[in-house]
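The structure appears below as structure tokens.
Computed from the coordinates by the stated procedures, all read-outs in this text should not be read as laboratory data. Everything numeric in this text was worked out from a predicted model, so none of it was measured. Note that we place each Cβ from the backbone using ideal geometry, even for glycine, and neighbour counts take in every protein chain shown.
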Amino acid sequence: MRDPLFESIKINQLDVKNRIYLPAMHLGMAKDFEVTDQIVEFYAERARGGVGMITVGYATVDDLSGNTTNIGAHEDAFIPGLKRLAAAIQDNGARACVQINHAGRYNFSFFLDGKQPVAPSAIASRMTKETPKALETDEIHQIIDNFAQAALRVKKAGFDAVEVLSGTGYLISEFLSPLTNQRTDAYGGSLENRMRFGIEVMQAIRKQVGDAFPVLVRMNGNDFMSGGQGRDELREYARALETEAGVDALCINVGWHEARVPQITAAVPRGTFAYLSRGIKEVVSIPVIASHRINDPATARDLIANSMCDMVAMGRSLIADPYLPEKAQEGREKEILHCIACAQGCFDNLFKLKHVECLCNPKAGYECDSACTVAETPKKVMVVGGGAAGMSAAIAAKERGHDVTLYERSDHLGGQLYLAAAPPGRGEFAELADDLKAQVDVKNIRVKLNQNVDEALIDQEKPDHVIVATGAAPLSPPIPGADQSHVVQAWDVLADKVYTGQRVAIVGGGAVGVETALLLAEKGTLSAEALRFLFVNQAETPEVLFEMATRGTKHVTVLEMIDAIGKDFGKSTRWGMIQDVKRYGVDVKVGTKALEITADGIKVESADGIEEISADTVVMAAGSRSVNDLAAMIEAKDIPCDVIGDAGQIGMAFDAVHQGYRVGIHI
């Protein structure tokens, strides 16, 4: 049967073998603008996995356009490294493209040796907290030429195509938007004038690279900025890119970095933003690529088959599993390791000036040194605990050729991943549990469920190596009254093991407390299906439907001793969660200490004094403690033993997966 995902497509005269496109993503792996072995191996592995086209970057067009961790395209000296990268991608079966860009006011003077970033107008950036220098006309013309010369270097380096980033709040989109362009010359004012810079960049590039070389543009379908550019203006821009600048394909992304609409987190339903690529596909005749939260082949092929787009950009999906295309084409979709949109390694790392990693795939970013070699002497390995850490360790140890058995006390694998999946917008964590279980199954790892591991079993099995991944248990802080029947643990709420009353007080405002609060605050709100029905039938006004979607039946209060909630969320996730806390009417009290739980609520102390908060249910979300009753006994028997995940130190799922892999691969 025809599979739309694996039909070839032409971009200009370039044949691409399938419709899967790996978009440019900042990896933080370049050194002084130079292509490194780490970059080469990262992309070579994705090419081997079967993707049709890979775009690297972004790459710089001048010395103000990026920083030293970007790939350089602004000098001829960078061409040899670019050639090596192009060859690595092409030799492994994929088409190769470079995205070029200028950050504009999104650059930091810190990265520019104190130089001031530039922009159409001197309007401060909410992201950088800096005010850029307004460009003079001659400087604009120079940047246009810089783009063209960078594109020519891309061609000289042997790449198959060049892409220009014309969205996300960077320089070209700063010219496009009335929010950041207050010029009164030919480059400001009307839409025609605001488009001029972007159009002239593409025209200059076309003049340099020739008619046959594919030129793509990655642009916003909506910038999601109040007072910015919505769909209508951007559709006009898309038309102009095709008719006035001769662009060969458009890759549609969403939002600026400053936008308050989530774009990459698990709260975004899969394929949601394809409506934007559809809107642009309706007004152009060139290929259109959909982006954002397309992390499985079924979603991807449906979007193509239903004319929402011509290709799909699967970026973080291919960080998580480079072989997603091959597995999909061979009918092995159950073996795919899906991106769960946690953003912990791929996006949050960039704020820490670290290179890209992946919660789901501990090999990502380590392609140069993660090759698995079979152990010279296979060992009998016992893994105790079937959560994220235990499964990751078992999989890695099996790849080493060891005889692995995985023991789990409960009746299922997955551990706390299912708790992490319970809150609204976090369901993808359950997919990770399922994916790891699938890998355990594919690798024929023996699994013993409902099995308690004790000294007798250790003596019976006589393992050569034991990995303890027994996880954690919730903490019960010594608050007077905590033993009453209306006091429950957040883990039990998340696991749907207990009911809560109409008035709920949550003790603890960390990630678990916030997630529990949002889960409870949504109780009584309308489902997506109900909202769609009522909206389509115009049963209620949009304003009423919004209220019914965000106002539940419970009054939830979060109590936190420190000055902020959700501090243990990653940066990419936290702002959206805090936004939802406000949107769903959760009452937050920071700087507040729980003193005593009473029959009618909870007494607390804050800067305002002591008060009692009424509550039908008090939920404990005060953290967790390691559970490890085995290591000392195992070590006393002189059996090599590793303690990983929460059993060793309370951490995040990212830590558990990576620790498990590292331990397993080194046995």
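Things worth noting here:
- Debye log10 I(q)/I(0) for the chain, one point scatterer per Cα, at q = 0.07, 0.12 Å⁻¹: -0.52, -1.32
- Distance from region 444-503 to region 529-578 (C-alpha centre basis), Å: 30 Å
- Exposure proxy ranking, count of Cβ atoms within 10 Å, fewest first, for Glu330, Glu408, Glu540, Glu200: Glu330, Glu540, Glu200, Glu408
- A rounded overall shape is assigned to region 4-351, the ratio a/c of its alpha-carbon gyration tensor axes (a ≥ b ≥ c) being less than 1.5.
- Loop-located GluC sites (Glu not before Pro) across region 490-539 with a Cβ neighbour count of 12 or fewer within 10 Å are lacking, with loop assigned by DSSP.
- Partner lysines for Lys448 [C-alpha distance under 17 Å; skip if fewer than 8 residues away on the same chain]: Lys380, Lys398, Lys437, Lys462
- About the Cα centre, charge dipole magnitude for region 4-351 (Lys/Arg +1, Asp/Glu -1 at Cβ), debye: 620 debye
- Dipole in debye (nearest 20) - region 476-622, about Cα centre, beta carbon charges: Lys, Arg +1; Asp, Glu -1: 360 debye
- For Lys589, the lysines whose Cα falls under 18 Å of its own Cα, not counting residues fewer than eight places away in the same chain, are Lys554, Lys567, Lys603.
- Positive-end residue, region 8-111 charge dipole about Cα centroid, Cβ charges, pick of Ile79, Gln90, Tyr21: Tyr21
- Shown here for region 420-486: trypsin sites (Lys or Arg not before Pro) in loop regions (DSSP other than H, G, I, E, B) with at most 16 other Cβ atoms within 10 Å, namely Lys443.
- Structure-based [θ]222 nm, the chain - -39500 (n - 2.57) summed over DSSP H runs of at least 4, per residue, nearest 500: -9500 deg cm²/dmol
- Mean separation of Cα contacts under 8 Å (6+ apart) over length of the chain, as relative contact order %: 11 percent
- Here the Karplus relation 6.51 cos²θ - 1.76 cosθ + 1.60, evaluated at θ = phi - 60°, turns the backbone of region 605-620 into coupling constants of 10, 9, 4, 8, x, 9, 8, 10, 9, 5, 7, 7, 9, 10, 10, 8 Hz, with x for every Gly and Pro.
- The trypsin sites (Lys or Arg not before Pro) found in region 174-265 that occupy coil by DSSP, while having at most 13 further C-beta atoms within 10 Å, are Arg260.
- Each part reduced to its alpha carbon centroid, region 370-392 and region 191-217 end up 52 Å apart.
- Relative exposure of Met219, Met25, Met548, judged by other C-beta atoms within 10 Å (fewest first): Met548, Met25, Met219
- Straight-distance crosslink candidates among lysines, where the alpha carbon sits under 18 Å from Lys31 and sequence neighbours closer than 8 are dropped: Lys83, Lys352, Lys354
- Neighbours of Ala267, meaning other residues whose beta-carbon lies under 10 angstrom from its beta-carbon, give a summed charge of 0 when Lys and Arg score +1 and Asp and Glu score -1.
- The amide H of Gly509, built 1.01 Å from its N in the peptide plane, has Met561 as neighbours under 5 Å, considering only residues 5 or more places off or on other chains.
- As a rough footprinting exposure proxy, the listed residues His486, His292 were ranked by other beta carbons within 10 Å of their own, and the order from fewest upward is His486, His292.
- Amide H to amide H distances under 5 Å link Ile294 with Gly271, where only residues 5 or more positions off or on other chains count and H is placed in the peptide plane.
- A simple rule links phi to the HN-Hα coupling: the Karplus curve 6.51 cos²θ - 1.76 cosθ + 1.60 with θ = phi - 60°, which for region 413-423 gives 8, x, x, 6, 4, 6, 5, 4, 7, 6, x Hz, with x for Gly and Pro.
- The chain, dipole about Cα centre (Lys/Arg Cβ +1, Asp/Glu Cβ -1), debye to the nearest 20: 880 debye
- In the chain, a dipole from Cβ-located charges (positive for Lys and Arg, negative for Asp and Glu) runs towards its positive end, and of Val209, Ile304, Val663 it is Val209 whose Cα lies farthest in that direction.
- Amide H contacts of Ser624 (H built 1.01 Å from N, under 5 Å, at least 5 apart or other chain): Leu475
- Of all DSSP-defined beta bridges confined to the chain, some 20% are antiparallel rather than parallel.
- Taking 0.36 nm per residue of separation and subtracting the current Cα-Cα distance, fully stretching the chain between Asn444 and Gln579 would add 44.2 nm.
- Cβ-defined net charge surrounding Ile286, 12 Å radius [Lys, Arg +1; Asp, Glu -1]: 0
- In Hz, Karplus ³J(HN,Hα) per residue of region 474-480 (6.51, -1.76, 1.60; θ = phi - 60°; x = Gly, Pro): x, 7, 10, x, x, 9, x
- Summed residue charge, Cβ within 13 Å of Gly221's Cβ, Lys/Arg positive, Asp/Glu negative: 0
- Separation between Cα centres of region 649-667 and region 270-300, rounded to whole Å: 36 Å
- Expressed in units of 2.2 N^0.38 Å, where N is the residue count, the Cα radius of gyration of region 476-622 is 1.11.
- Distance violations [Cα-Cα > 25 Å] among Lys17/Lys281; Lys334/Lys443; Lys327/Lys571; Lys10/Lys327: Lys327/Lys571
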